[in-house]
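Here the structure is laid out as structure tokens; the discussion comes afterwards.
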Amino acid sequence: MIPIKRIYLDRRAPRVCILGASKHTMEELFSGLGAGYLTAESTVSGWTQFENQNHATVSIFDARNYDPNSDSGVPNLDPAPDIVMVFADSAASFDIGLANPLPQLPGVPVFNLSAKSPPKKATEGDSSFSLSDNDWQEQLCASLPLEAQLEFARLLSAKRAQAYIASTLLKSFGAVSGAIGMQPIPLADMPLLLSIQAAMVALIVHTSGRPANIKLASEFLAALGISAGAGFLFRETARALLRFIPLWGNAVSGLIAGTGTYAIGRAAIAYFIDDSPLIETRRLFLSLMKPQKKPILG
């Protein structure tokens, strides 16, 4: 549960120090990276916190007036940045690369970025720096501390990073569901299991950039049930009946509960993050609910 605690419960805005010769505003630069329209919320000790339309936040220190090659270089920042991004306006194609750490900020990852064209006026959904393959978003996100990754992925609508972060939920929620499913009281655990599964889906919804919403999560579960209701009910009934088989019954019951939670989580990631159509999401859910030769662990 440690990754979930750090990623979700201890989450905070990423701290980004920007350098380089780009003449564009901080809002324009981050809007161009996929953050959409940003509004400044507050400034403390040179750190300005911005928020986008998804209520994702980022703290930015604009150090472009400092010369990173001089002795003074980047100012003594407190708190220290999580990442340094060096922006350059360029007529060349978009490029991003990991650079050597700055002497003034040892251990802080540094990325050089250049854009094929100047960012447009910051508008919702604008992404002047977009690439056909957004591996760079995942790379930037992975370089951050766990506590800052969720907000950064939500800020940039970084689908791959969001999917990876959301997948950390599945093992933990699946393990909890499996433990509950092994309890020897037939059918008594079903309301608790549904609550756990709804909470997991709500967290996946939040990871996608939307506000966490139990009602939306419940509607999603109902949509899966409309397609797979008979099979799901049979599965749950079989799980309950297996409890009456000493020892092995409880173990199999727990495995089925964990598998069902995993299937729901994978379907939620496909629907809310990967933008899979509902009919395809239902097919994925059904395929994951089929008997497996080996238990699904991740």
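Remarks
- Among the candidates E28, E41, residue that is outside the structural domain of T168 (by TED's automatic domain parsing), touching a residue at least 60 places away in the same chain (Cβ under 8 Å) and acidic (D, E): E28
- Within region 2-15, the only residue that satisfies the criterion of being surrounded by fewer than 20 Cβ atoms within 10 Å (Cβ to Cβ) and either within 15 Å of A63 (Cβ to Cβ) or of a type in the set (F, W, Y) (or both) is Y8.
This table checks each residue for (1) modelled with pLDDT under 85; (2) surrounded by 19 or more Cβ atoms within 10 Å (Cβ to Cβ); (3) touching a Phe, Trp or Tyr at 6+ places or on another chain (Cβ under 6 Å).
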residue	(1), (2), (3)
C17	no, yes, yes
E27	no, yes, no
F30	no, yes, no
T39	no, no, no
S42	no, no, no
S45	no, no, no
S72	yes, no, no
D95	yes, no, no
P103	yes, no, no
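- Which listed residue, of A21, A80, A91, is surrounded by fewer than 17 Cβ atoms within 10 Å (Cβ to Cβ), farther than 20 Å from F152 by Cβ, at pLDDT 80 or above and in contact with a Lys or Arg (Cβ under 8 Å, 6 or more places away or on another chain): A21
- Residue in region 48-56 that is surrounded by 21 or more Cβ atoms within 10 Å (Cβ to Cβ), at pLDDT 85 or above and assigned to a helix (DSSP H, G or I) present: no
- Taken across region 186-198, residues that are farther than 19 Å from F173 by Cα and either outside any loop (DSSP other than H, G, I, E, B) or modelled with pLDDT of 85 or more (or both) do not occur at all.
- Selection over region 6-43 of residues that are over 30 Å from S172 (Cβ atoms), assigned to a strand (DSSP E or B) and hydrophobic (A, V, I, L, M, F, W, C) gives a count of 4.
The values are calculated or read from the model by the stated rules, or taken from the named source; none is laboratory data. Remember, predicted model here, so these are calculated numbers, not experimental data. Quick reminder, even Gly has a Cβ in these numbers, built from the backbone with ideal geometry, and neighbours come from all protein chains shown.
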